[in-house]
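Following: one structure in structure tokens, then a few remarks.
The values are calculated or read from the model by the stated rules, or taken from the named source; none is laboratory data. All values reported here derive from a predicted model rather than from experimental measurement. FYI the Cβ positions are ideal-geometry reconstructions off the backbone, even for glycines, and counts take in every protein chain you see. Quick note on the areas: whole protein, heavy atoms, side chains included, nothing else; ligands and nucleic acids left out. Shrake-Rupley method; radii C 1.70, N 1.55, O 1.52, S 1.80 Å.
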Amino acid sequence: MIVIIVIAGILAGDAPAPRWLITAPIAVRGPIGPLAIGINSHLATRYPDAATMPIPAAIVADLGVQWVREDLHWHRIQPQTGVWDWVFTDAALYALSRQRVQILGVLGPSVGWATTDPTDHPNLISFAPPEEAAFVTYVGAVVQRYHHLIKHWQIWNEPDQALFWRPSPDPEQYTRLLITTARVIRTIDPTATIVLGGINPFDTGFLRAIAAYGGWNAFDVIAIHPYVDPLSPEEGNLIAAADGVRAVAARYGMKPIWATEVGWASGPGDHDALGLTNAAYQAAYLARAYCALWYGGVGVVFWYMLKDDPHNPYGLFAYGSGRADFSIPKPAATAMRKLADTLASCRPEPPTTTVPLLTGSQPVQWQRPSQPNGSLRLIEDSSVFRISYRFTTRTNDYVAFELSDPIPLPNDTTAITVQLYGDGNGHRLRLWLRDREGEVFSVTAGVIGPPTWQTLITPVSRCPAQYERVAGSGNGRPDWPLALHAVVIDDEYDRWSGLGEVRIAWIEALGEEE
């Protein structure tokens, strides 16, 4: 039987008006055109010899990439108020242009003399917000000098991360800078393309705030940095990485989506302190990542990065004896050279077996453990569940429906798929899984899209990093066998309040045929 749980609630004022609801498909599961291959080259800022810049530029071209992403660091170009130094940027940009690769120019970050942070050295790099007029002067000088070489400009790098916008991300301040900077660039070159500053796609709050502060029309391309390492591209569900930002764009105006950074290290690095991936994994993941993002609707993908830093081995070339040493290519360099051919036969391989877990025809019992925000019922004369919800606070709201008797997953399960009819609100559908020790872990099935039937697929692996523990005590690792424990709707944006309704036809386990 079905236990029906209903609660009255109020409708608060931040729910999107009907014209802001998602009305177009957001889960693109096929290429939207040819994939452009790029790499974060960093020649202007890291290669040590301007006179020999054609050497690394030729190495970049030999990799078969069509795009490079180059930092145009303010502190190197304008170390003092009236001092301009174009030596390295001239050398790098002209050398790369002669190789006929397109350049994405990254503007920023700050220089110490142009911030209010008293701890900044005046002539060195700073990640504090810049004085706007000084930043505009720097941008104008750079664009005026290079607009015949660069047609695509990215304003800042990862402004949604505290590491790159100190002391903490400020979407209102960034939006003002974005609008002003874009205006300057377009005044100099009306044909220029403005690229957003590379955000985390798994948390869309910063992107929503840019729209709220009036910045949506200031840029042309949404840039994401969909790092999932040390998970593999499949375990990290990289094919769905752009779904969240696409849901935001469906409300405010669709734009192309680029991944201006993605990568894996070949040892301990920024996102993988334990070194769970090695050089062989790095090479294998490269091709699979480009394929997944391509099939996820991303148009340009830039690998991070060309050459290792001393303690951050994300490069295609090992650090060796220094920044000018390109004598030690890693297997990932070979994978990059072969990538165009690999993509020609790229087809994400779905699991080949399906086992029904939950349909409306089963005699299951539900209970709601917390967050009294909705109801679940079976639609009369059908096998479809209807979940209605009301979110009323300005903090995190969710509604969870637990199965009294969790449904075991087959041991060969590699993914779970949900057939769902959305409501256009763009929230997340999550599944709670209970392990053999009684711990409960959460995985994200996907973004709830428009009012039409859609299939969400989420990988299920043996890797603990994929899961978030939500209840129970134990070793903190998902110990198989696992069982489907609950279906959860979680608000995508904590300030959202309102009501909605989704329908679920079935939930199935996917596996590999033996």
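Among the residues making up the stretch 106-156, those that are open to solvent by 30 Å² or more (accessible area, probe 1.4 Å), part of a loop (DSSP other than H, G, I, E, B), out of contact with any Leu (no Cβ under 7 Å at 6 or more places or on another chain) and under 21 Å from Val221 (Cα atoms) are His147, His148, Lys151.
Could you go through the stretch 375-387 and let me know if any residue there is within 20 Å of Leu433 (Cα to Cα), out of contact with any helix residue (DSSP H, G or I) (no Cβ under 6 Å at 6 or more places or on another chain), at pLDDT 90 or above and among the aromatic types (Phe, Trp, Tyr). The answer is yes, given that some residue of the stretch 375-387 is within 20 Å of Leu433 (Cα to Cα), out of contact with any helix residue (DSSP H, G or I) (no Cβ under 6 Å at 6 or more places or on another chain), at pLDDT 90 or above and among the aromatic types (Phe, Trp, Tyr). It is to be established whether one or more residues within the stretch 162-172 are farther than 19 Å from Tyr493 by Cα and touching a residue at least 40 places away in the same chain (Cβ under 8 Å). There is at least one residue in the stretch 162-172 that is farther than 19 Å from Tyr493 by Cα and touching a residue at least 40 places away in the same chain (Cβ under 8 Å).
Determine if the stretch 422-429 includes at least one residue that is among the basic types (Lys, Arg), over 25 Å from Thr393 (Cβ atoms) and at pLDDT 90 or above. Within the stretch 422-429, not a single residue is among the basic types (Lys, Arg), over 25 Å from Thr393 (Cβ atoms) and at pLDDT 90 or above. Six or more apart or on different chains, Cβ under 9 Å: which pairs go from a residue in the stretch 493-513 that's on the phi > 0 side of the Ramachandran plot to one that's charged (D, E, K, R) and open to solvent by 10 Å² or more (accessible area, probe 1.4 Å)? Could you list them? The qualifying pairs are Gly498/Asp14; Gly498/Arg390. Beta carbons closer than 6 Å, at least 6 apart along the sequence or on distinct chains, pair a first residue in the stretch 47-70 that is more than 18 Å from Gly320 (Cβ to Cβ) with a second that is open to solvent by 30 Å² or more (accessible area, probe 1.4 Å) and in a helix (DSSP H, G or I) for Ala50/Val87; Ala50/Phe88; Gly64/Arg337; Gly64/Ala340. Within the stretch 268-281, residues that are closer than 14 Å to Ala318 by Cα sit with their Cβ atoms under 9 Å from residues that are surrounded by fewer than 17 Cβ atoms within 10 Å (Cβ to Cβ) and among the acidic types (Asp, Glu), at 6+ positions apart or across chains, in these pairs: Gly269/Asp309.
Only residues that are outside any loop (DSSP other than H, G, I, E, B), open to solvent by 20 Å² or more (accessible area, probe 1.4 Å), out of contact with any Phe, Trp or Tyr (no Cβ under 8 Å at 6 or more places or on another chain) and more than 22 Å from Glu402 (Cβ to Cβ) were counted in the stretch 454-498, giving 4. For the stretch 157-186, how many residues are charged (D, E, K, R), open to solvent by 30 Å² or more (accessible area, probe 1.4 Å) and part of a loop (DSSP other than H, G, I, E, B)? Residues flagged as charged (D, E, K, R), open to solvent by 30 Å² or more (accessible area, probe 1.4 Å) and part of a loop (DSSP other than H, G, I, E, B) within the stretch 157-186 amount to 2. Taking helices (runs of 4 or more DSSP H) as the structural unit, those lying wholly within the stretch 187-296 and holding at least 2 residues that are in contact with a helix residue (DSSP H, G or I) (Cβ under 7 Å, 6 or more places away or on another chain), more than 25 Å from Pro331 (Cα to Cα) and open to solvent by 10 Å² or more (accessible area, probe 1.4 Å) correspond to 205-212, 243-252. Against the criterion of being surrounded by 16 or more Cβ atoms within 10 Å (Cβ to Cβ), more than 30 Å from the chain's Cα centre (by Cα) and touching a residue at least 40 places away in the same chain (Cβ under 8 Å), Arg434 does not qualify. Residue check: Asn278 meets all listed conditions (1) at pLDDT 95 or above; (2) within 21 Å of Gly64 (Cβ to Cβ); (3) more than 13 Å from the chain's Cα centre (by Cα) but one, namely (2).
Based on what the data block shows, is Asp381 surrounded by fewer than 17 Cβ atoms within 10 Å (Cβ to Cβ) and on the phi < 0 side of the Ramachandran plot? No; evaluated as a whole, the condition is false for this residue.
Listed by first and then second residue, the pairs linking a residue in the stretch 317-332 that is closer than 14 Å to His42 by Cα and open to solvent by less than 60 Å² (accessible area, probe 1.4 Å) to a residue that is of a type in the set (A, V, I, L, M) and in a helix (DSSP H, G or I), with Cβ atoms under 6 Å apart and 6 or more places separating them unless they lie on different chains, are Phe326/Ile59.
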